[in-house]
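So the structure is just underneath, and the comments pick up after that.
The values are calculated or read from the model by the stated rules, or taken from the named source; none is laboratory data. Every value quoted in this text rests on a predicted model; they were computed, and no experiment measured them. Positions of Cβ are backbone-derived with ideal geometry, glycine not excepted, and every protein chain shown enters the neighbour counts. Side chains are part of the model used for accessible areas, which takes the heavy atoms of the whole protein and leaves out ligands, DNA and RNA. Shrake-Rupley method; radii C 1.70, N 1.55, O 1.52, S 1.80 Å.
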Amino acid sequence: GDVIPLFFRLLQQGVQVSGTVGGSIGSFLREDLCLEKGFVDKMVQTVFLDGMPVDDIEAVHIKQGATVALSGPMPGVAGATLRRGGYYGSMRKDISCRPEAPGGDLKKGPVLIKLFNVLTESLGPGLLEKGVGVKGRDLGALLRDHETMITRALKSAELDGLSVDFRAAV
């Protein structure tokens, strides 16, 4: 069976990627995560930066070490209220990220990405394939919970660039 979906919970807990910080969330999504503008406009309907909803992804900038949570369309009142640029956005104006001047020089830095609902399935495999950083305890828990399936599917494992016997490590 396909073991990739087993790793989706890591995407919800947050994975670290290296990207351009100091620029807008929109440019980060397009240039660092390689998402097409049409996909972002249609599918990335809810964006949180460090726990605060974002309406204008071109006017809010990412700082090094920030957490960016992305969600696709959500149903009901929560979806309508949290949707970026949505009709009910004014209801949450006190907790929303405000537009700001650019954060200074653009540079590479760590960003924690969290994916939810349809974005987990559509963006997750590509993000995992590029390579992400995960907390050891999160990965360890996942490996313990699904040891048999992952052990069968695993071709090789490395730790700090050295080959390890995965079966002995679990």
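Taking all protein chains together, VAL54, VAL3 sort by accessible area into VAL3, VAL54, largest first [probe 1.4 Å]. One chain, two ends: HIS146 and GLU36. Fully extended at 0.36 nm per residue, the span grows by 36.2 nm beyond their Cα-Cα distance. Backbone N atoms of the stretch 116-151 closer than 15 Å to the 7 Å Cα→Cβ label point of THR67 belong to residues 116, 134-135, 138. Accessible-area rank, largest first, for GLU31, GLU129: GLU129, GLU31, with all protein chains present and a 1.4 angstrom probe.
Separation of the alpha carbons by more than 25 angstrom is noted, of LYS108/LYS155; LYS107/LYS130; LYS42/LYS135; LYS130/LYS155, for LYS108/LYS155; LYS42/LYS135.
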